[in-house]
Every structure is written in structure tokens, then in C-alpha cells.
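Written below as C-alpha cells is the structure these notes are about.
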Amino acid sequence: MIYASDLDRTLIYSRNAIGVPEDSPGLVPAEIINGTTVSYISERALSQLISLAGNIVFMPVTTRTVEQYKRINLFQETVVPDYAVTSNGGNILIDGKVDMEWRASVGKRVELHSAPAEEIRTIVRSALREEWILTERYCDGLFFTFVVHRDLLPPNVVSQLADKLNDLGWKASLQGRKLYAVPEAVNKSAAIEHVRRTVQNEPMVASGDSLLDKCLLDAADYAIAPCHGEIFAEHQEGLRVGVYPFTTCSGVFASDEILQYVGTIYNNLKALGVGPP
């Protein structure tokens, strides 16, 4: 079985996203920078993940850049995956090294089907006032991330921008304070399907919380989402009904339910004799 999961706000949580005080019992540092913990994972979820990791193919799938992914101590030291997808699908890591053939194929598809990056940057900048933007970054030569003052953004700005970018082969997504502009070819499901073929196309479970995770969840045989984030917001608005289950808990302890769900699927498939022994 394959378990492909988004990381931030799905399995690991920043100090602002955990939803409980930092000194709450049951939290384990996942990412430490210069001696400071910047993200956590639930102790129970980590225990379940470690238990599963020896029997399944676990693949982190993240919008983080390669550099940002590699600073997560948890996945460099405690649970070390054979495969990881970074850069929203733009890069695949095999034993920690970038698959250059995959990266080149993504670059070709972006060039063929999406408008040039500088054109998109101009459009985004014209849609946002300068005072709304905190930082701008062009990530791994693939997509843009704008950190914004979310409370200053008018409700319709992002949707109007998304419509405009969609016509140019790009997608826009607002996650917390981050506004992403991503070429259509740079997506998590394409990368996961590529890896899935490599590992004999076994049954796949997926989890994620944002609009950039929708294609990942839709590509899986089984999927679950936490009851926070953009996917849950769509569910609440009636835009996605009955597609997959949501956790009952939000914040860092949603990961407990997610890993319990993954474990249940694994045990059910094992009992049915599906996948390798």
C-alpha cells in the first residue's frame, strides 16, 4: 500500500497552526531551525506513522521547495521515506536526490502549456496592492509564493485572479497567508502517479487540506482530509459533498485521526490479501 500525504497542516503543524498551546502534552518537534521548534507532529500520529512505515510506501507530498522539505528533521532522521514529492509535484526525490528526468519533463510541459512566469508575476502584482504583499518568492524555478496580509484582501480578489490565471495555464490558491500561483503541469497528482507506476501501482491512501491537494486526494483509492483548510471550507459551503471523510478534530491532533484511518485501510487490505504480504 502507498500512503501519500501533504505535510503542513495535515501531518505537521507550525506554531501558529497547531490549535493548542505549545506546552500541551502529546506534541513532538518535527522541524527545528537554529535550536527553535517551528513545527510539530502529534506524538500519537508519529507512533502510528512509524509503525506503518515498515509495511507501506510512505510518501510526503508537499508544496515546500526541496530546501524547505530537507529542513524537516522528522523526515531526515526519524521516518526517512524512499520517495518524496516536493515543489507541488515539480520535483520527486528518490533516496533524497532530485529525479532530474522528472524535473525536465515537468519543465517541458510548463513551457508548452502555461504562460511565461514573468507574465504571471505582472498579472498577480497588478491584482494586489503593494501594501497587501509581505514577501514574494519564485520557488525552485517553478511557481510563485506571495505572503500577504490576508485580512486586507477583498473577498473577490483571489477568485478573480484565479479565473484570469486559469485561462493562462496557471492555478491560484490562498492558504493561510500564502497566495500561490502555480502552472497546471506542476501538480501533486501527476508526480504521485509517476511514482505509483514505479512501485507497481499499489492501492493508495492520501490526505491533505488545501486546494492544491485536491488532485492528490482525487487520484487516490482512499482519501481523508482534516476539518480545517480550504477543502473543508468547500465542504462546508456545499461545493464538495460526500467525496471523502473529514476528521472530527481540527489542528495538530487531526493527524491522529488521519493516521488511524490509514492504519484501518492497511489492515483491511491486508486481511483481503491485497498488495504484497
Q: Could you check Asn16 against (1) assigned to a loop (DSSP other than H, G, I, E, B); (2) polar (S, T, N, Q); (3) crowded, with 20+ Cβ neighbours inside 10 Å and say which number it fails?
A: (3)
Q: Among residues belonging to the range 215-257 that are out of contact with any Cys (no Cβ under 9 Å at 6 or more places or on another chain) and of a type in the set (D, E, K, R), point out the one that is surrounded by the most Cβ atoms within 10 Å (Cβ to Cβ).
A: Glu230
Q: Kindly establish whether Arg150 is farther than 21 Å from Arg196 by Cβ, surrounded by 13 or more Cβ atoms within 10 Å (Cβ to Cβ) and in contact with a strand residue (DSSP E or B) (Cβ under 8 Å, 6 or more places away or on another chain).
A: yes
Q: May I ask you to list pairs of residues, at least six apart or on different chains, whose Cβ atoms are under 9 Å apart, with the first in the range 217-235 being at positive phi and the second being buried (at least 19 other Cβ atoms within 10 Å of the Cβ)?
A: Gly229/Arg9; Gly229/Thr10; Gly229/Gln175; Gly229/Gly208; Gly229/Asp209; Gly229/Ser210; Gly229/Leu211; Gly229/Asp213
Q. From the residues in the range 178-193 that are over 20 Å from Ala84 (Cβ atoms) and among the hydrophobic types (A, V, I, L, M, F, W, C), which one is surrounded by the most Cβ atoms within 10 Å (Cβ to Cβ)?
A. Leu179
(Q) Only one of Leu179, Leu134, Leu161, Leu168 is in a helix (DSSP H, G or I) and over 30 Å from Val57 (Cα atoms). Can you tell me which? (A) Leu161
Q: Of all residues in the range 19-56, count the ones that are of a type in the set (Asp, Glu), in a strand (DSSP E or B) and more than 17 Å from the chain's Cα centre (by Cα).
A: 0
Q: Select from the range 116-141 the residues that are under 23 Å from the mean Cα position of the chain (by Cα) and hydroxyl-bearing (Ser, Thr, Tyr) and write down the one among them that is nearest to Tyr69 (Cα to Cα).
A: Tyr138
Q: Scan Ala206, Ala254, Ala233 and give me the residue that is closer than 15 Å to Met59 by Cβ and either of a type in the set (A, V, I, L, M, F, W, C) or under 17 Å from the mean Cα position of the chain (by Cα) (or both).
A: Ala206
Q: Would you check which residues across the range 1-13 are in a strand (DSSP E or B) and touching a residue at least 60 places away in the same chain (Cβ under 8 Å) and list them?
A: Ile2, Tyr3, Ala4, Ser5, Ile12, Tyr13
Q. Between a first residue in the range 104-118 that is open to solvent by 40 Å² or more (accessible area, probe 1.4 Å) and a second residue that is in a helix (DSSP H, G or I), which pairs have beta carbons less than 7 Å apart while being 6 or more apart in sequence or on different chains?
A. none
(Q) Out of the residues in the range 20-41 meeting the condition of being charged (D, E, K, R) and under 22 Å from Ile258 (Cα atoms), tell me which one is modelled with the highest pLDDT. (A) Glu31
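The values are calculated or read from the model by the stated rules, or taken from the named source; none is laboratory data. All figures in this text were calculated on a predicted structure; none of them were measured in a lab. Ideal geometry is used to build each Cβ from the backbone, glycine not excepted, and the neighbour counts take in all protein chains shown. With ligands, DNA and RNA removed, areas are computed over all heavy atoms of the protein, side chains included. Shrake-Rupley method; radii C 1.70, N 1.55, O 1.52, S 1.80 Å.
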